[in-house]
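Have a look at the structure below, then the notes.
The values are calculated or read from the model by the stated rules, or taken from the named source; none is laboratory data. As the structure is a prediction and not an experimental result, all values here were calculated from the model. So basically every Cβ, Gly included, is an ideal-geometry build from the backbone, and we count neighbours across all protein chains shown. Accessible surface areas use protein heavy atoms only, side chains included; no ligands, DNA or RNA. Shrake-Rupley method; radii C 1.70, N 1.55, O 1.52, S 1.80 Å.
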Amino acid sequence: MKLSQLLFAANIDYQAQDEHIDFITDDSRKCRPGCLFVCRKNAEEYVQQALENGAVLVVGEKKLCESCAVVEDAGKAYAILCREFFGRPDEEMKIIAVTGTNGKTSVSTILHHILTKSSRKCGLIGTVENKLDTDQKATMTTPDSFELYSYLRKTADIGFDHCVLEASSQGLCQHRLYAMKFRTGIFTNLTEDHLDYHKTFENYKNAKLSLFPDCDTAIINYDDPYAKEFEKAGSRKVITYSLTSDEADFTVKNIVLKDDSTSFVLVANNLIHTFTFPLKGEIWVRNAVEAIIAAFDMGVSLDECSAALRSFTGVKGRMETVSAPVPYEIIIDYAHTEDAIKKVLLSLRRQCKGRLITVFGCGGDREKEKRSRMGKAVCSLSDMAVVTTDNPRNEDPLDIIDDILAGMKQSRIPVYIKPDRRQAIAFALKKAGNGDTILIAGKGHEEYQIIGSEKLPFDEREIIKECLL
């Protein structure tokens, strides 16, 4: 693509030789001849490397070199340039973005399943995997703008007319989705998370809110304390739902939990419909409702939604039941915040026939304040706890465990300390008896453990099998 076309699309006023650009990046190490390099704030030291590697032009927030175009916000410019480079693929399909603290992956996957089963051609970009023409493991929840628009271009080129993606707070804050056109935005919930990055809850909330002015339709969890702020965020149309209030546009009634399924009734003006899906747990209801409303608003009938849900078998690492020849149940879940682990434990408590045993830890180099709160939540809702490591990264695992234990001092349940996560899982399996439920929380879909700077293989499903041999 011609440099002049890119600069015009991004409203960048710069006189340069009109060269052909075949790559855009904000990583100087990836620069090559024919490349445009966007230098983000505080990355000025990498400009020389970008030029040496062949960058044709640098785009930055101040004059960084002779061949530098100056913009007000490099992150926004990068997103616009990438969007234009790939021919604005978001204008060729319906883009649905899901944001919130918890539930993004589950809602996205359910919605993708409903749309696909209802004969819509739909892509998925998210935390666990990217589903395009072939399934690929994801590298991050919301990809870099160049990678994101590359995915969308492929999705449009193979004839897909819908794409569901997860919008993380970091992705929104870094403007990876800037200028994208969204058919629908879904708000799941909001609790404290990622404050190591955002510093304040207000910053975190504002990052989430920034999605909705660019959405034609917003689907809002009416039960969340911040629902009103998201309703007023600027979407052209707002649809609310609730599990408790008849004031919402859609209300859930008559939730029935069985050993092999969950059912509920969805009620709105002039409609009432029963849904059943083969997963256990009330926690799935809210995720399913958000996906149903989004699909319904885009023209999928409730009968189609219902038929699709009956064949939905779950999401890796999200309330995932591990099949094993034992008289107790083993659940793997990604819950790594106080709110998430509370919701998972409450859901399991309603269906657990015996003791509820929780194996969990907290990540290193992340907000320390949540550790004691997670410990307290586990004690209040479990019958036994095994405290272990998660991804300790560059922190001492024992220091992380001490932070967790600070919230468990008044515990009336047995609390065991097993710093080695493999040993912690083995210990819980040995302790479990007939009718018990073991929750292994924190890592979910991850098949690795980060210790120091090393990313070591660690698939909890394989470890469970090994322990039960």
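Within region 232-259, can you find the residues that are polar (S, T, N, Q) and assigned to a loop (DSSP other than H, G, I, E, B)?
Scanning region 232-259 gives SER235, THR244, SER245.
Please go through region 317-352 and give me each residue that is open to solvent by 30 Å² or more (accessible area, probe 1.4 Å) and either part of a strand (DSSP E or B) or out of contact with any strand residue (DSSP E or B) (no Cβ under 8 Å at 6 or more places or on another chain) (or both), ordered by number.
GLU320, THR321, SER323, PRO325, VAL326, PRO327, GLU329, GLU338, ASP339, LYS342, LYS343, LEU346
Considering region 288-330 alone, what residues qualify as being touching a Ser or Thr at 6+ places or on another chain (Cβ under 6 Å) and within 20 Å of CYS352 (Cβ to Cβ)?
Hits for region 288-330 are ARG318, GLU329.
It is to be established whether one or more residues within region 86-95 are surrounded by fewer than 20 Cβ atoms within 10 Å (Cβ to Cβ) and either touching a strand residue (DSSP E or B) at 6+ places or on another chain (Cβ under 9 Å) or farther than 22 Å from VAL300 by Cβ (or both).
yes
Taking region 200-219 as the search range and keeping residues that are touching a residue at least 60 places away in the same chain (Cβ under 8 Å) and more than 18 Å from TYR178 (Cβ to Cβ), which one is surrounded by the fewest Cβ atoms within 10 Å (Cβ to Cβ)?
Top of the filtered list is THR217.
Restrict the check to region 52-68 and report whether at least one residue is at pLDDT below 95, among the hydroxyl-bearing types (Ser, Thr, Tyr), in a loop (DSSP other than H, G, I, E, B) and open to solvent by less than 20 Å² (accessible area, probe 1.4 Å).
No, region 52-68 contains no residue that is at pLDDT below 95, among the hydroxyl-bearing types (Ser, Thr, Tyr), in a loop (DSSP other than H, G, I, E, B) and open to solvent by less than 20 Å² (accessible area, probe 1.4 Å).
List, please: which pairs have Cβ atoms under 7 Å, are six or more places apart or on different chains, and start with a residue in region 382-394 that is in contact (Cβ under 8 Å) with a residue 24 or more places away in the chain and surrounded by 24 or more Cβ atoms within 10 Å (Cβ to Cβ) and end with one that is in a strand (DSSP E or B) and basic (Lys, Arg)?
Short answer, once both residue conditions are applied: none.
Quick test for you: out of THR200, THR155, THR188, pick the one residue that is under 24 Å from SER372 (Cβ atoms) and not basic (Lys, Arg).
Of the residues listed, the single one that is under 24 Å from SER372 (Cβ atoms) and not basic (Lys, Arg) is THR200.
Is at least one residue of region 447-460 surrounded by 15 or more Cβ atoms within 10 Å (Cβ to Cβ), farther than 30 Å from THR109 by Cα and of a type outside the set (Phe, Trp, Tyr)?
no
Determine, yes or no, whether GLU229 is touching a residue at least 24 places away in the same chain (Cβ under 8 Å), more than 30 Å from GLY435 (Cβ to Cβ) and assigned to a loop (DSSP other than H, G, I, E, B).
Answer is no for this residue.
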